[in-house]
Amino acid sequence: TYGFREGYYRQAKDRGVRFIPFEPEKPPRLEADRRALTVWVTDELLDREMGLKADRLILSPGIRPAPGSDKVARQLGIPLTLDGFFLEAHQKLRPVDAIADGVFICGLAHYPKSLGETAAQAQAAAQRAAGLLFQTELLGSELTAWINAGKCRRCLACYRVCPFGAVEVDGAGPPQVRTEVCRGCGICAAECPVGAIRTSRVTEEELAAQIEAALW
């Protein structure tokens, strides 16, 4: 346990609760003789099987991501953790923000947590959403990508790799960048095979000038 919940663990042990670890390959087994219950478990620390008398057997299942979370993540353009829960933009600086602007995470969608943590995180997500909804104007990023239509070969590599869905294709013309959605990450510019995409800042000339100045 983490935080101050270690105290609950010690209190439970003081009141007679027994915590016995076991390997998944050797799960506990139950014997029922009328109303008498015996739970047999192999204690790996003692290297022997133990029989525990019980009045009731209560199962506490683990928490898994909700079915369909991967589909929602693809629709919203946000990543998942290795366990399948939604990943926040930054663990300390933006704990309830998703990588996509306007999407906020709280509760068990984020990771298994207690009710108190869920309520606190839900309040934080609501405040972050209210901060956007009460604004009369929203400013876009000053760093965006743009496509040179004369160089574009319409391979649509930028359309496939954009993590924010900022590149749109309309008809047979070259793809267009929606500047209100673009975050200037530069992935499309790096992926373009003919160099038809550039960003409004941090261009190749600017980077070359910075490197040259650093060397001198």
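The values are calculated or read from the model by the stated rules, or taken from the named source; none is laboratory data. On a predicted model such as this, the values are computed, not experimentally measured, just so you know. Cβ: placed from backbone, ideal geometry, glycine included. Neighbour counts: every protein chain shown. Each accessible area value is taken on the protein alone, full model and side chains, heavy atoms only, with ligands, DNA and RNA left out. Shrake-Rupley method; radii C 1.70, N 1.55, O 1.52, S 1.80 Å.
Assorted remarks:
- Residues of the stretch 145-158 that are within 16 Å of D170 (Cβ to Cβ) and buried (at least 17 other Cβ atoms within 10 Å of the Cβ): I147, C152, C158.
- Only one entry in G165, G102, G186 is at positive phi and in contact with a strand residue (DSSP E or B) (Cβ under 7 Å, 6 or more places away or on another chain), namely G186.
- In summary, T1 fulfils each of the numbered conditions (1) closer than 30 Å to V181 by Cα; (2) touching a helix residue (DSSP H, G or I) at 6+ places or on another chain (Cβ under 7 Å) with the single exception of condition (1).
- Filter result (under 30 Å from V103 (Cβ atoms), open to solvent by 50 Å² or more (accessible area, probe 1.4 Å) and out of contact with any Ser or Thr (no Cβ under 9 Å at 6 or more places or on another chain)) within the stretch 186-200: I187, A190, E191, R198
- Selection of the stretch 99-120 for residues being aliphatic (A, V, I, L, M) and under 17 Å from L82 (Cβ atoms) yields I99, I105, L108, A109.
- Within the set R34, R15, R10, R48, the sole residue that is of a type in the set (K, R) and on the phi > 0 side of the Ramachandran plot turns out to be R34.
- Reported count of residues in the stretch 86-127, each being part of a helix (DSSP H, G or I), surrounded by fewer than 17 Cβ atoms within 10 Å (Cβ to Cβ) and over 14 Å from the mean Cα position of the chain (by Cα), is 11.
- Extreme residue, modelled with the highest pLDDT, among residues of the stretch 167-181 that are over 11 Å from A145 (Cβ atoms) and open to solvent by 60 Å² or more (accessible area, probe 1.4 Å): E168
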